Amino acid sequence: MGSLSQKRIHLAVLVSAVYLILIALGVVFVFLRGLSGLQPVYLLNIGVDLFGLCMGYVLLICCIMDVQKTGSDNRYFIFLLNITVLGLFTDLVAWLVDGLPQLRTVNLIDNTLYYICMPMSAYFFWEYVRATLRVEGKITRVLDRVLQIVLAAAIVTRWLNLFTGMYFTVDEAGVYHRAAWYPLSLLYAYLTTAAAALAIWINRKKMARRQIAAMAVYVAAPLAAGIFTSFTYGLSVSYGVIMLVLLLMYCVVNINQGQEREAAAREMNMAAQIQAGMLPDVFPAFPERSEFDLYAVMDPAREVGGDFYDFFLVDDDHLCLTIADVSGKGVPAALFMMASKILLADNARMGKMPAQILRDTNEAICANNKMEMFVTVWLGILEISTGKLTAASAGHEYPVLRQPGGAFELIRDRHGLVVGGMSGVKYRDYEWQLRPGSRIFVYTDGVPEATDADKNLFGTERMLQALNEDPQAGPEQLLKNVRGAVDAFVREAEQFDDLTMLCLEYKGGSSRGDVLEIPAETENLPQVTAFAERVMEKAGASPKVRMQAGLAIEEVFVNIASYAYAPGSGSVRVSARTEEDPAQVVFVFEDSGRPYDPLAKDDPDVTLSGEERPIGGLGIYMTKKMMDEVSYEYKEGKNILTLRKRVG
């Protein structure tokens, strides 16, 4: 059971005070009036009324504190209970002041209120039945409007009775008497109750048998008591009977709600097991792969939804990432999630592109979607060796991307229709070039739509702020940062939607692909330049940067091939790696030729003409100009020349 809101606590305190005051006034009035001189039947009526007031107080507090009973049906039940309590109190006062001429005016007003309670209780019972059975339609709305108008007229005629005496009178001796038109005062209550009984009969299949029985008793018992008392003056137990029936109805409702909650709990537990069992949850997910790191989490809400994520290797060089959100809650959503996840994965493993995967999955679901459910999907396929990510979206939340040295930013990608919405939908691929240090963050709407107690949304701006608090953190820590920000925002507010997030950090292509060891011969230059071009493209370098790096690398390799081992032969090892902040590519040339430091010689004077300038040194000079940093060391019998070029 959830905790009480401040509003409910204040309401409970206020109503408790009012009810306790009424009960206390009833006891005080009995004490002041005294019991001597009262007929035994009066004493019976007074006892029933006091007992009914106490029962009403307990029942109303239960209704207010029962936080799992909400909605219009509970509201009308409370209205009905309040009118019944007022009827009991006015009946109690009526018997105490009857026969006291000095309180004749009190007697008149009190009985008028008593008479008003009867049609109002009938009307609120009608509304309670409507709300409980969800009775709608044009005829019902017209009937409800008519009952409201006639109720207003009935209340007016009761106030007019103070002057006309058509229903009752109080003589000069302070004694109450029914008038000739007294049965007419019961007509509205009987007709309205009959309408409610008809609604119960027509919609009986919507209720459990015990509910039908409780409502039938509410119709029959007060009706029988009213008919009996209309012919027998002195016995007034109608409102006492109504209070007993209300208690019965409340108990029946609680029994049904308890059974419904138990069934719902079993269903939600089953849905949670289905949902959790379908999600990969072992991290690190690919410990043997150093090219990327990823982490994902799904925190289910109280009402389990259909959120899911998925990731798997399509082949050795392609990683599929998926995050999705199924419409609906409970077991249906969990089963739909399971089917959607399987279809998406099967299509991805066939080597299809994301847009084609979404198209084929959509067609398969639409072919037999009797539940008319749908799922939003973001699906991306990463080419691990190059960092190229191809993705497509089916109505999902915008992804978030951070490139090295930058901040996390919302990427407003092109959306297609949700999967399962309609057949024949086309989706479009788009591409990102990830660089070592790039991070992708995808999520479901439970994150930006997390709500605090004042119904304020967490929003994407707060989400981005949480990500950018520590933008270089690993995927697991980033998700913890976002979850911590959400928890701090919503505080004690209940979580109504799943919080599902996935984050990938791209660290660069395989180290096997970033090392080239070949004979130091000029005819191998195309292999070296192709290697360098592939590394620079993977790092996201612009064409200009790639050209500059390519010229420098060509100069270095040709020099090594021409002079390092002359007149003999040998090999050269070229390795490449990427670094963050600043984003740059590092090329390292290693050879075992004679020691030679190309940086030891002074830079040539380029202001001189070619004839005036000494031969040599221009190549390494141009290399230093085209690269951001060049360094040399001789270590363990090897010349090691390191070139750095920024790509950010």
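The values are calculated or read from the model by the stated rules, or taken from the named source; none is laboratory data. Please read these numbers as outputs of a predicted model, since none were measured by experiment. In this analysis, Cβ positions are derived from the backbone assuming ideal geometry, glycine residues included, and neighbour counts consider all displayed protein chains. Please note that ligands, DNA and RNA were not included when accessible areas were found on the heavy atoms of the full protein model with its side chains. Shrake-Rupley method; radii C 1.70, N 1.55, O 1.52, S 1.80 Å.
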- prompt: Where nothing but the Cβ of Lys and Arg (+1) and of Asp and Glu (-1) is charged, how large is the charge dipole of the stretch 461-596 around its Cα centre, in debye to the nearest 20?
  reply: 420 debye
Cα centroid separation, the stretch 351-379 to the stretch 536-567 (Å): 47 Å
statement: A correct Karplus calculation of ³J(HN,Hα) over the stretch 22-33, with 6.51 cos²θ - 1.76 cosθ + 1.60, θ = phi - 60°, whole Hz and x for Gly and Pro, returns 4, 5, 4, 4, x, 5, 4, 4, 4, 5, 5, 6
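Could you check how much of the accessible area of the stretch 464-589 is carbon and sulfur, as a whole percent, using a 1.4 Å probe?
49 percent
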query: On the first, second and third principal axes, largest extent first, how far apart are the outermost C-alpha atoms of the stretch 67-171 in Å?
result: 50, 32, 11
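Arranged from highest to lowest average of other beta-carbon atoms within 10 Å per residue, in what order do the peptides 171-184, 320-333, 285-298 appear? Working shown, then result.
On the way: 171-184: 13.2, 320-333: 22.0, 285-298: 17.6.
So the peptides 171-184, 320-333, 285-298, ranked by packing, come out 320-333, 285-298, 171-184.
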- request: May I ask you to derive the relative contact order of the stretch 339-406, considering only C-alpha pairs under 8 Å and at least 6 residues apart, and to give it as an integer percent?
  value: 28 percent
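Return one quarter of the surface area of the convex hull spanned by the alpha-carbon atoms of the stretch 478-579, equal to its mean projected area, in nm². Walk me through the numbers before you get to the answer.
On the way: hull surface 38.5 nm².
Answer in nm², one decimal: 9.6.
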task: For a quick protection proxy, order the peptides 374-382, 624-632, 45-53 by their average other-Cβ count within 10 Å, most packed first.
output: 374-382, 45-53, 624-632
task: For LYS624, go through the lysines and keep the ones whose alpha-carbon is under 24 Å away, minus same-chain ones fewer than eight residues off.
output: LYS538, LYS544, LYS601, LYS635, LYS638, LYS645
query: Going by average Cβ neighbours within 10 Å, how do the peptides 406-414, 361-369 rank, with the highest at the top?
result: 361-369, 406-414
- prompt: Given the stretch 543-582, what whole percent of its Cα pairs are spread farther than 11 Å?
  reply: 71 percent
- prompt: In whole angstrom, how far apart do the alpha carbon centroids of the stretch 440-499 and the stretch 139-211 sit?
  reply: 55 Å
query: Accessible surface of PHE89 in the full protein assembly, 1.4 angstrom probe, to the nearest 10 Å²?
result: 30 Å²
statement: Amide H proximity to VAL135 below 5 Å, modelled H, separation 5+ or other chain, gives none
query: Applying the Karplus parametrisation 6.51 cos²θ - 1.76 cosθ + 1.60 with θ = phi - 60° to the phi angles of the stretch 516-522, what ³J(HN,Hα) value in whole Hz is obtained for each residue in order, glycine and proline being reported as x?
result: 10, 10, 9, x, 7, 10, 4
Amide proton proximity set for GLY306, modelled H, under 5 Å, gap of 5+: VAL326
statement: So ILE411 and ASP628, fully extended at 0.36 nm per residue minus their Cα-Cα distance, gain in nm 75.0 nm
query: Taking a probe of 1.4 angstrom, what is the accessible area of MET371 in Å², to the nearest 10?
result: 130 Å²
message: Please report the accessible area of GLU523 (heavy atoms, 1.4 Å probe, ligands and nucleic acids excluded) in Å², nearest 10.
response: 120 Å²
- line: Note to self: with every protein chain in place and a 1.4 Å probe, the stretch 285-358 gives an accessible area per residue in Å² of 36 Å²
- request: Give the Rg/Rh ratio for the stretch 365-426, taking Rg as the radius of gyration of the Cα atoms and Rh as the Kirkwood radius, to two decimals.
  value: 1.10
- request: List, in order, the whole-Hz ³J(HN,Hα) value for each residue of the stretch 598-604 obtained from phi through the Karplus relation with A = 6.51, B = -1.76, C = 1.60 and θ = phi - 60°; use x for Gly and Pro.
  value: x, 8, 6, 7, 5, 5, x
- line: Long-range alpha-carbon pairs in the stretch 379-528, meaning those over 21 Å apart, account in percent for 55 percent
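When the solvent-accessible surface of protein heavy atoms is calculated with a 1.4 angstrom probe, in what order do LYS370, LYS638, LYS352, LYS138 fall, highest first?
Working: LYS370 175, LYS638 75, LYS352 45, LYS138 155 Å².
Reading off the accessible areas and sorting them downward yields LYS370, LYS138, LYS638, LYS352.
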statement: Counting only residues 5 or more apart in sequence or on a different chain, those whose built amide H sits under 5 Å from that of ALA450 are PHE458, GLY459
- line: Along principal axes, largest first, the alpha-carbon spread of the stretch 313-454 in whole Å comes out as 48, 47, 23
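State in Å² the accessible area per residue of the stretch 483-579; use a 1.4 Å probe, count heavy atoms of protein chains only, and round to the nearest integer. Before the final figure, lay out the partial values.
On the way: 4670 Å² over 97 residues.
Roughly 48 Å² per residue, with all protein chains present.
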query: Between LEU191 and HIS10, what length comes free when the chain is fully extended (0.36 nm per residue of separation minus the Cα-Cα distance, one decimal in nm)?
result: 61.5 nm
